[in-house]
Amino acid sequence: MKGQVFTVAKLHYINGVVFKAAESRSTTIETLAGSYPETTKSGNAKHPEKRVRDLVRLAAGVGLLTLDKHKVDITELGQRYYHARSPLKWGLSDKQRVILQQYILEDPYRTETIYAITTLLFLTKAGYKGDKLSRQYAIEIGKAAAWKSDVTYAGFTKFGLSYIEELGLMQVSESDLMAGGPSAEERYQEKVNTVNLIVLPEGQLPAPMPATIGRRVRYPSNPRISKTALVAADFKCELDSKHITFRNCASNNQYMEAHHLVPMSKQGLFDVRLDVPENILSLCPTCHRKIHLADDAERKATVEKAFRLKAKGLPTRGIHIDFKRLCQLYSFPT
């Protein structure tokens, strides 16, 4: 399944197709469309096959079904969801809600649909509201150009917020959304290599709102934006293209890591967004670790080389910084 589904107003509308698929284990779009009095909440649809396909795509996006052209199969998660149903068909039971919550939070980048839901949740928790929320949401999931108008932004955001409400996700803590710990960086780099890239609008973008976790303020970076930088570099180390790593089994590309030249930890010092491809380097693990772990002299020389590579691109995003200021951000001794 590719792409998010924004044409279904309520998440529980998927129950008709999920339950029907669970009862037969394997079915088709045509069969589900032929049973539309049972598979759609209204019991009626002007174009039942199109409506059913949208419902199936949404159900697949949250892991309950698989869709291969016209063939629809229930997943193991879908069977668990089906058996957790309540007598009220058109609604989520508490058990169904927990099943979906756990699946979504286990990997917020698992599918395009889950990514859209968790992105909207994070923005809402960060304090975005109204038009600002809708516009930022469109940017973060790569739909700013496709949606085009504020009316479309608002409509699809409303649908996404209804999913969050049904799932009870507003009660989820920020720490569950942004897992920390020693392996957080490793998980992030894994996502960079496997998620789909995203195309941001051109020019400078407003700085994002921070997330507060306990007493810490964080500006999370988006692995889909980092993926764009890796693709632009053709999955080669920008500091030395002769550095060879290995072929990533998940993406079939050479494994590279993403590094923000102007650190995301310094986002609060800038009025523009730092999480943009022009500020991200594609690096082999050795060069990446050199920036973080080498002695100050070698780190400074490596950052200087990286700065020369990115010096022209940074101003196009409104990031105006010279090497002296960059050294201060890295806390290099003067």
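The values are calculated or read from the model by the stated rules, or taken from the named source; none is laboratory data. Keep in mind that this is a model prediction, so the values were computed, not measured. Cβ: placed from backbone, ideal geometry, glycine included. Neighbour counts: every protein chain shown.
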Across the range 36-45, what is the total count of residues that are buried (at least 16 other Cβ atoms within 10 Å of the Cβ) and of a type in the set (Gly, Ala, Ser)? 1
Which ones in the range 232-281 are of a type in the set (D, E, K, R), under 23 Å from the mean Cα position of the chain (by Cα) and surrounded by 16 or more Cβ atoms within 10 Å (Cβ to Cβ)? Glu257, Lys266, Arg273, Asp275, Glu278
So which pairs qualify, if the first residue must be in the range 4-16 and modelled with pLDDT under 90, the second must be aliphatic (A, V, I, L, M) and surrounded by 22 or more Cβ atoms within 10 Å (Cβ to Cβ), the Cβ gap must be under 6 Å, and the two must be at least 6 apart or on different chains? Gln4/Ala116; Val5/Leu58; Val8/Leu58
Mind listing just one residue for me: the one in the range 192-204 that is over 17 Å from Lys236 (Cα atoms) and surrounded by 14 or more Cβ atoms within 10 Å (Cβ to Cβ) and, of those, modelled with the highest pLDDT? Gln204
Positions within the range 46-72 being touching a residue at least 40 places away in the same chain (Cβ under 8 Å) and surrounded by fewer than 16 Cβ atoms within 10 Å (Cβ to Cβ), in sequence order: His70, Lys71
If Ile29 satisfies every condition in (1) of a type in the set (A, V, I, L, M); (2) crowded, with 22+ Cβ neighbours inside 10 Å; (3) in contact with a strand residue (DSSP E or B) (Cβ under 8 Å, 6 or more places away or on another chain) but one, which is the exception? (2)
Take the range 291-315 and flag every residue that is within 14 Å of Leu261 (Cβ to Cβ) and not aliphatic (A, V, I, L, M). His292, Arg299, Lys300, Thr302, Glu304, Lys305, Phe307, Arg308, Lys310, Lys312, Gly313, Pro315
Where residues in the range 18-47 are charged (D, E, K, R) and part of a helix (DSSP H, G or I), which of them is modelled with the lowest pLDDT? Glu38
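Residue-wise test of (1) part of a helix (DSSP H, G or I); (2) free of Cβ contacts under 8 Å to residues at least 24 places away in the same chain; (3) polar (S, T, N, Q).
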{"position": "Lys242", "(1), (2), (3)": "no, yes, no"}
{"position": "Ser251", "(1), (2), (3)": "no, no, yes"}
{"position": "Gln267", "(1), (2), (3)": "yes, no, yes"}
{"position": "His288", "(1), (2), (3)": "yes, no, no"}
{"position": "Glu304", "(1), (2), (3)": "yes, yes, no"}
{"position": "Arg308", "(1), (2), (3)": "yes, yes, no"}
{"position": "Gly318", "(1), (2), (3)": "no, no, no"}
{"position": "Leu326", "(1), (2), (3)": "yes, no, no"}
{"position": "Pro333", "(1), (2), (3)": "no, no, no"}
Can you tell me which residues in the range 114-123 are more than 9 Å from the chain's Cα centre (by Cα) and closer than 11 Å to Leu169 by Cα? Leu120, Leu121, Phe122
Of all residues in the range 75-130 being buried (at least 16 other Cβ atoms within 10 Å of the Cβ), within 21 Å of Asp150 (Cα to Cα) and among the small types (Gly, Ala, Ser), the one that is modelled with the lowest pLDDT: Ala126
Gly91 part of a loop (DSSP other than H, G, I, E, B) and not hydrophobic (A, V, I, L, M, F, W, C): yes
